[in-house]
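*Asks:* Questions regarding the structure given below will be posed in turn.
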Amino acid sequence: MASRWFASLPNFITLGRLVLTPVAIVMISEENWRAAFFVFVLAGVSDALDGWLAKTYNLQSELGAVLDPLADKTLIISIYVTLAILGEAPVWLAILIVFRDALIVGGVSVSWFMGRPIKVRPHIASKITTAAQLTLAALILGGLAFGFRLTVLEGLLIASVATLTIASASVYLLLWVQHMRP
């Protein structure tokens, strides 16, 4: 029984990240910046922890392969859209992040509908993009939580996140086109 529970631990941590997402959004919406920052950091740490546990102890599962990116995207999209609505992050950046993820989901859906299912594996470009997106969101929330904004660093990270988001979308689009070729 204990080993079955341990085998499911990465998935439970991922589900916890999904639960933390609306909590973070409520905190941001209420401009409770410190609480939002700490909830967001906890969610970010959970992302690293579930992946480490799954790889270190060979606890990867089919459910985890679907849940983990879903939890990541739910957190990132929700945070950026909320920060953009409040004027704390560029609207165009939130749109770019949402567009990239919609493009990936759309490509996967089209491939399935056309009877050519594609197995989605996280590409290194996607992992780097996610890390940059999480870092920028943490920097913005940290600045709001503790009363300082590192505007030059934010600007550099915004440019990096935008570039990485476009590059990652391009990689997935190229892989999809190659897959869909007759």
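*Asks:* For SER46, are the conditions met, namely being farther than 16 Å from ASP72 by Cα and modelled with pLDDT under 95?
*Replies:* no
*Asks:* Mind listing just one residue for me: the one in the range 12-31 that is without any contact (Cβ under 8 Å) to a residue 12 or more places away in the chain and in a helix (DSSP H, G or I) and, of those, least open to solvent (accessible area, probe 1.4 Å)?
*Replies:* VAL26
*Asks:* Any idea which of (1) more than 13 Å from the chain's Cα centre (by Cα); (2) closer than 25 Å to VAL152 by Cα; (3) not hydroxyl-bearing (Ser, Thr, Tyr) is the one PHE40 doesn't satisfy?
*Replies:* (1)
*Asks:* If you don't mind, another one. Of (1) closer than 24 Å to PHE146 by Cβ; (2) buried (at least 19 other Cβ atoms within 10 Å of the Cβ); (3) of a type in the set (D, E, K, R), ARG34 satisfies all except one. Which?
*Replies:* (2)
*Asks:* Can you work out which of the residues in the range 129-146 that are open to solvent by less than 40 Å² (accessible area, probe 1.4 Å) and without any contact (Cβ under 8 Å) to a residue 24 or more places away in the chain is nearest to the chain's Cα centre (by Cα)?
*Replies:* Once the filter is applied, the top-ranked residue is LEU139.
*Asks:* Another question, if that's okay. Listed residues THR165, THR151, THR130; which is β-branched (Val, Ile, Thr) and within 19 Å of TRP33 (Cβ to Cβ)?
*Replies:* Result of the check over THR165, THR151, THR130: THR151.
*Asks:* Looking at THR151 and the list (1) modelled with pLDDT of 90 or more; (2) surrounded by 11 or more Cβ atoms within 10 Å (Cβ to Cβ); (3) not acidic (Asp, Glu), which single condition is not satisfied?
*Replies:* Looking at each condition in turn, THR151 falls short on (2).
*Asks:* Restricting the search to the range 103-128, which residues are loosely packed, with under 15 Cβ neighbours inside 10 Å and small (Gly, Ala, Ser)?
*Replies:* Result: GLY106, SER109, GLY115.
*Asks:* If a residue has to be loosely packed, with under 14 Cβ neighbours inside 10 Å and of a type in the set (Gly, Ala, Ser) to count, how many in the range 50-89 make the cut?
*Replies:* Number of matching residues: 1.
The values are calculated or read from the model by the stated rules, or taken from the named source; none is laboratory data. Model, not experiment: these values are computed from the prediction. Cβ sites come from the backbone with ideal geometry, for glycine too, and all protein chains shown count toward neighbours. Heads up: the accessible areas ignore ligands, DNA and RNA and are worked out on the full protein's heavy atoms, side chains in. Shrake-Rupley method; radii C 1.70, N 1.55, O 1.52, S 1.80 Å.
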